[in-house]
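See structure below.
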Amino acid sequence: MTQLILFNKPFQVLSQFTCSESNKETLARFIKEPNVYAAGRLDYDSEGLLLLTDNGQLQHRIAHPKHKSVKTYWAQVEGTPADDKIKQLCKGILLKDGLTLPAQVKAIDEPHIWERVPPIRSRANIPTTWLEIKIHEGRNRQVRRMTAAIGHPTLRLIRASIGKWDLSGLKPGEFKKVTIEDIEDIEEAKAQPKIKRKPSYPAKGKFGKMRPPVKRQ
């Protein structure tokens, strides 16, 4: 049976089970399930939803951009982006690795979330703004680079959902399993292609003309 694990990755935890640097925490501290691997990744300094599975096809479907799983992020940025800056994010931002795909971006109230340890740096004379950013891509540090490009660096970044899966009921460091009945897409991933059989036509005779069927006595 396929396993899917929804994990709320804490700040400064690597999205992998092993690391040569002993001072960095990994998934091994929180998840003891055997033979599961992260479907995609979440940066060391980002928080929120990380999906893990023991099914390679499902892992590919979640992580690969061509399947267009919408990823929703809550980004606390420095300053207050003007409307034209938010429109730039929506249309696409030209980064060093190319133009980003159109995104859905809007300013939101501060979400009801946990305190980060350590807290973000704050400046008394510079406000912060929370943005909800929905993207289909998964480039390296993409959201942070997008907000930096419009002059509003990201101070805190939380991934709230991937497709239909979200952080509901999960505190940092907690995870839950989703049963096979809850995964609609896995059936598509597991489905075997149907074999198309050639239709049975009457046999062709000389010069390609159809021979009439032989009457049995």
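Read-outs: derived from the displayed coordinates by stated rules, not from any lab. Everything numeric in this text was worked out from a predicted model, so none of it was measured. Quick reminder, even Gly has a Cβ in these numbers, built from the backbone with ideal geometry, and neighbours come from all protein chains shown.
Side notes on the structure shown:
- Close amide H contacts of G48 (hydrogens built in the peptide plane, cut-off under 5 Å, sequence separation of 5 or more or a different chain): K9, R159.
- Legend: distances between Cα atoms for K87/K134; K96/K134; K106/K176; K24/K91; pairs beyond 25 Å are K106/K176; K24/K91.
- Charged-residue dipole, Cβ positions (Lys, Arg, Asp, Glu), the range 42-108 about Cα centre, Debye nearest 20: 440 debye
- Qualifying trypsin sites (Lys or Arg not before Pro) in the range 26-57, DSSP loop, other Cβ atoms within 10 Å at most 13: K32
- The range 13-164: C-alpha gyration tensor shape, a/c 1.5 cut-off, then a/b vs b/c: oblate
- Estimated FRET transfer efficiency when R0 is 45 angstrom, pair C19-L99 (beta carbons, to 0.05): 0.85
- Among E25, E110, the ranking by other beta carbons within 10 Å of each residue's beta carbon, starting with the fewest, stands as E110, E25.
- At R0 = 22 Å, FRET efficiency that the Cβ-Cβ distance of A28 and V117 yields, to 0.05: 0.65
- Peptide packing for 120-128, 81-89 was compared via the average number of neighbouring C-beta atoms within 10 Å per residue; ordered from the highest value, the list is 81-89, 120-128.
- Length gained on full extension, V178 to N125: 14.6 nm, using 0.36 nm per residue less the C-alpha separation.
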